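The values are calculated or read from the model by the stated rules, or taken from the named source; none is laboratory data. Keep in mind that this is a model prediction, so the values were computed, not measured. As a convention, Cβ positions derive from the backbone with ideal geometry for all residues, glycine included, and neighbour counts pool all protein chains shown.
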Amino acid sequence: MPVPTLGGLRQDLLVAGRNLLRQRRRSMLALLIICGGVVTFLLAGGFINWVLTGMRESTIHSHLGHIQIIRPGYFQKGLGDPYSYLLPTDSSIVTASGSDHIRTVAPRLAFSGLLSKGDDTVAFVGEGIDPVLEAPIAEGVFIRNGSDLREAPPDSVLLGVGLANSVNASPGDSVVLLGTTAEGGINAVELHVAGLFATTTKAYDDSSLRVPIDVARRLMRVEGATSWVVLLDKTENTSAAVAKLRANLAAQDFEVVPWTDLADFYNKTATLFTRQVDVVRLLIALIVVLSITNTQSMTVIERTGEIGTAMALGVRRRGILGLFLLEGVLLGLFGAGVGVLIGVVLGKVISTIGIPMPPPPGMEMGFTGQISISPGLALDAFVLAFLTTLLASVFPAWKASRMNIVDALRHQR
């Protein structure tokens, strides 16, 4: 074994590299373990990252938008008396006071009542919308049959697929909406079914319908809106836009609510998946630590005679410790780097092919999964592999540095 004496860090790295190359089989086994752990972590984390990103965007674009502006207390107390929390008809104050990231501001009027077709009557939860302003927000609302409200006559309605099935309604049919007005009276409107829609949330499709906001106002005999829904250019700009809107609308009687405060199902799912990634990270770390510790310990045993010779020639114990740690550093750097590269390439290949997935619980539509490896995830995998490999090298390196010179020289003699 070459003995590092005065060459400095560069020479020490060279010696450590030669030692690894000299034991090709053992070094290759260690590299395979590290690369396998990195690839596994990247593929699992990349799939979960893709699922969460898709769920986030579908949640935003099917119902919530990025930001909702309401009267204070509407979400806490307004379900029983929504028309005590009405906003003005004109929402231009949001555009004038908001962020440059705002794409559109769409008014919505929430209402509920009974839907009738023939002898069938069911309860519904409805939204009055502006079809043109709502279009960019509703990219996650898929028209299964018929047409969108933008292409339909004014007195039209969009029914959720589940709600339509409950009354056996289809595009072209006439239905009657019956509701209690803001003054407590009863009012009804007859509408034509323009189309049937579906979202990623089956429970929403089973009870919801959408009508032009003028129809909802006529049915409820009110003006204004219960909420203004804001869509931004990027989800990442939500926090900045919320802060700016709150600052500019502080003097007004408005409450600015980000989508994260409303997406309870998404938040719980994200928490669950994050814990799963943490479990995968812990398991990979344990596998790498135990495997590399065992590999390095065997290396120390095989090189006991060389260690004794080096110490007899004047190499200090900290020099032996540093040499084995440097070998661990090189293994960690190379294994982590190659593992990240392989993981990214595999992720792209798998994403190109696609992963057919069945509908998740509570949802109606299946999807084709992909692997989304972000720079942050790749860095996390690299750091995980490097640190665990370095940690696994500490005990064998310490054990090598604490050998008795005489016993080490007598080893296998």
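Hey, could you check region 166-222 for residues that are in a helix (DSSP H, G or I) and of a type outside the set (A, V, I, L, M) and say which is farthest from Pro82 (Cα to Cα)?
Residues of region 166-222 in a helix (DSSP H, G or I): 166-167, 202-205, 213-220.
Then keep just the ones that are of a type outside the set (A, V, I, L, M); that gives 166, 202, 204-205, 214, 217-218.
Working: Ser166: 26, Lys202: 25, Tyr204: 19, Asp205: 22, Asp214: 17, Arg217: 13, Arg218: 16 Å.
Applying the filter and picking the extreme gives Ser166.
All of (1) charged (D, E, K, R); (2) at pLDDT below 90; (3) on the phi > 0 side of the Ramachandran plot hold for Asp205 with one exception: (3). Of the numbered criteria (1) at pLDDT below 90; (2) over 25 Å from Val230 (Cβ atoms), the one Phe142 fails is (2).
You will find that of Ala251, Ala312, Ala270, Ala241, the residue that is crowded, with 19+ Cβ neighbours inside 10 Å and more than 15 Å from Ala397 (Cα to Cα) is Ala241 and no other.
Here's the yes/no breakdown for (1) in a helix (DSSP H, G or I); (2) in contact (Cβ under 8 Å) with a residue 60 or more places away in the chain; (3) touching a Leu at 6+ places or on another chain (Cβ under 6 Å):
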| position | (1), (2), (3) |
| --- | --- |
| Val257 | no, yes, no |
| Asn267 | yes, no, no |
| Ala270 | yes, yes, yes |
| Val277 | yes, yes, no |
| Leu282 | yes, no, no |
| Leu286 | yes, no, no |
| Asn294 | yes, no, no |
| Met298 | yes, yes, no |
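Residues in region 273-303 that are surrounded by fewer than 18 Cβ atoms within 10 Å (Cβ to Cβ) and modelled with pLDDT under 75: Ile301, Glu302. For region 50-63, which residues satisfy the criterion of being among the aliphatic types (A, V, I, L, M) and surrounded by fewer than 21 Cβ atoms within 10 Å (Cβ to Cβ)? Val51, Leu52, Met55 - these are the residues of region 50-63 that are among the aliphatic types (A, V, I, L, M) and surrounded by fewer than 21 Cβ atoms within 10 Å (Cβ to Cβ). Taking first residues from region 343-354 that are in the same structural domain as Leu32 (by TED's automatic domain parsing) and over 14 Å from Gly369 (Cβ atoms) and partners that are assigned to a helix (DSSP H, G or I) and small (Gly, Ala, Ser), the Cβ contacts under 8 Å between residues at least 6 apart in sequence or on separate chains come to Gly343/Gly46; Gly343/Ala378; Gly343/Ala381; Val344/Ala378.
In this structure, is Val94 in contact (Cβ under 8 Å) with a residue 60 or more places away in the chain, under 27 Å from Ala247 (Cβ atoms) and outside any loop (DSSP other than H, G, I, E, B)? Considered against the rule, which asks whether it is in contact (Cβ under 8 Å) with a residue 60 or more places away in the chain, under 27 Å from Ala247 (Cβ atoms) and outside any loop (DSSP other than H, G, I, E, B), Val94 comes out as yes.
In region 28-61, how many are of a type outside the set (Phe, Trp, Tyr) and either free of Cβ contacts under 8 Å to residues at least 60 places away in the same chain or touching a strand residue (DSSP E or B) at 6+ places or on another chain (Cβ under 9 Å) (or both)? So that I can check it myself, show each step before the final result.
Of all residues in region 28-61, those of a type outside the set (Phe, Trp, Tyr) come to 28-40, 42-46, 48-49, 51-61.
Next, only the ones that are either free of Cβ contacts under 8 Å to residues at least 60 places away in the same chain or touching a strand residue (DSSP E or B) at 6+ places or on another chain (Cβ under 9 Å) (or both) stay: 28, 32, 51, 54, 60-61.
Qualifying residue count, region 28-61: 6.
Among the residues of region 68-82, those that are under 10 Å from Thr226 (Cα atoms) and among the aliphatic types (A, V, I, L, M) comprise Ile69, Ile70.
Scanning region 119-152 for residues that are free of Cβ contacts under 8 Å to residues at least 40 places away in the same chain and over 28 Å from Ile69 (Cα atoms) gives a single hit, Asp119.
Go through region 216-234 and report how many residues are more than 27 Å from the chain's Cα centre (by Cα) and crowded, with 23+ Cβ neighbours inside 10 Å. Quick ask: steps written out before the conclusion?
Filtering region 216-234 for residues more than 27 Å from the chain's Cα centre (by Cα) gives 216-226.
Keeping just the survivors that are crowded, with 23+ Cβ neighbours inside 10 Å gives 216, 219-220, 225-226.
Result for region 216-234: 5.
Screening the candidates Leu387, Leu377 for the property of being surrounded by 15 or more Cβ atoms within 10 Å (Cβ to Cβ), in contact with a helix residue (DSSP H, G or I) (Cβ under 7 Å, 6 or more places away or on another chain) and at pLDDT 75 or above yields one hit, Leu377.
Kindly indicate the residue of region 315-328 that is of a type in the set (A, V, I, L, M, F, W, C) and assigned to a helix (DSSP H, G or I) and also surrounded by the fewest Cβ atoms within 10 Å (Cβ to Cβ) among those meeting that condition.
Leu321
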